[in-house]
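Undergrad: Before anything else, here's the structure in question.
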Amino acid sequence: DIVLTQAPLSVSVTPGESASISCRSSKSLLSSKGITSLYWYLQKPGKSPQLLIYRMSNLASGVPDRFSGSGSETDFTLKISKVETEDVGVYYCAQFLEYPYTFGAGTKLELK
Amino acid sequence: EVQLVESGGGLVKPGSSLKLSCVASGFTFSSYGMHWIRQAPKKGLEWIALIYYDSSNKYYADSVKGRFTISRDNSKNTLYLEMNSLRSEDTAMYYCAKVTDYWGQGVMVTVSS
């Protein structure tokens, strides 16, 4: 199975500052079609996860452009510039390249 | 607006069966693969099953293979998860999801004696 390792597991950020979350894959997530199948989700408290970034660097519909995704075949970063109070929650990376699909352990973002 | 509404959860005893449903609206259900993903209390996310848009292929996590069955009825815009031989470790919030983008609000399944 592909293992996704997120770091840090928790981060405390002052509103208005930026935050970065890392996700490292045990295997390349680049498909034969040239698509990197790495996704980022945010689960706000008491809610179901919502898609932020798809295919490593594409912003999902309705997601503020304060969020951005980048990376290589195995190392990925979610960056949140100018963190706002509504950004609080747990961030998960996920791979949909091969079965079983897997998720990172999650990174909890809190405000200082 | 895409909506996914799960139902059918509850408290059951170990070894019991349960069938979850997920009614979809706001998109052409018959054109998309659908997943079930679960989250144990205070834990992370675990993908458990996928069904292709036309039911031609189904995939399962090892943790549920042979016990759970994913199915769909495109005429009713409904996704199902039939769960047999339930164990305490199956206790979780169960989410249905449209491909990779939209998730339902979830339904709780508790397996306890």
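Undergrad: Distance cut-off 30 Å, Cα to Cα: go down the list A:K108/B:K13; A:K79/B:K19; A:K47/B:K19; A:K44/B:K19; A:K108/B:K76 and report the pairs above it.
TA: Distance filter (> 30 Å) returns A:K108/B:K13; A:K79/B:K19; A:K108/B:K76.
Undergrad: Can you tell me the convex hull volume per residue for the range A:10-112, based on C-alpha atoms, in Å³ to the nearest whole number?
TA: Enclosed volume per residue, from the Cα hull, is 96 Å³.
Undergrad: Please list B:L86, A:L30 from largest to smallest accessible area, probe radius 1.4 Å, with all protein chains kept in place.
TA: Ranked list, largest accessible area first: A:L30, B:L86.
Undergrad: Taking Cα pairs under 8 Å and at least six residues apart, what relative contact order does chain B come out at, in percent?
TA: Contact order relative to length: 36 percent.
Undergrad: Here's another thing I want to ask about it. Can you tell me the length gained on complete extension of the stretch B:S16 to B:N74, counting 0.36 nm per residue apart and subtracting the Cα distance?
TA: 18.2 nm
Undergrad: Same structure again: Treating only the Cβ of Lys, Arg, Asp and Glu as charged (+1, +1, -1, -1), what charge dipole size does the range B:8-113 show about its Cα centre? Round to the nearest 20 debye.
TA: Computed about the Cα centre, the dipole is about 200 debye.
Undergrad: Ballpark to the nearest 100 Å², how much total accessible area do B and A bury together, probe 1.4 Å?
TA: 1300 Å²
Undergrad: Hey, what did chain A get for relative contact order, percent, Cα under 8 Å, at least 6 apart?
TA: On the way: 283 pairs, mean separation 42.5, N = 112.
This gives 38 percent for chain A.
Undergrad: Residue by residue, what Karplus-based ³J(HN,Hα) values in Hz, rounded to whole numbers, does the range B:40-55 have, using 6.51, -1.76 and 1.60 with θ = phi - 60° and x for Gly and Pro?
TA: Going residue by residue, I get 5, x, 6, 10, x, 8, 10, 5, 10, 6, 9, 10, 5, 4, 10, 6 Hz, with x marking Gly and Pro.
Undergrad: In whole angstrom, note down how far apart the Cα centers of the range A:75-96 and the range B:6-66 are.
TA: Centre-to-centre (Cα) distance: 25 Å.
Undergrad: Another one. As an exercise, use a Förster radius of 35 Å and the Cβ-Cβ distance of B:K58 and A:E110 to find the FRET efficiency, rounded to the nearest 0.05.
TA: 0.35
Undergrad: Now, a different point. Quick one: what are the phi-derived ³J(HN,Hα) couplings along the range A:5-13, Karplus 6.51/-1.76/1.60 with θ = phi - 60°, whole Hz, x for glycine and proline?
TA: Running phi through 6.51 cos²θ - 1.76 cosθ + 1.60 with θ = phi - 60° gives 10, 9, 8, x, 7, 8, 9, 10, 10 Hz.
The values are calculated or read from the model by the stated rules, or taken from the named source; none is laboratory data. Here the structure is a predicted model, which is why all the values come from computation and not from measurement. With ideal geometry, Cβ positions are generated from the backbone for all residues, glycine too; neighbour counts draw on all protein chains shown. To get the accessible areas, we keep the full protein, side chains included, count just its heavy atoms, and leave off ligands, DNA and RNA. Shrake-Rupley method; radii C 1.70, N 1.55, O 1.52, S 1.80 Å.
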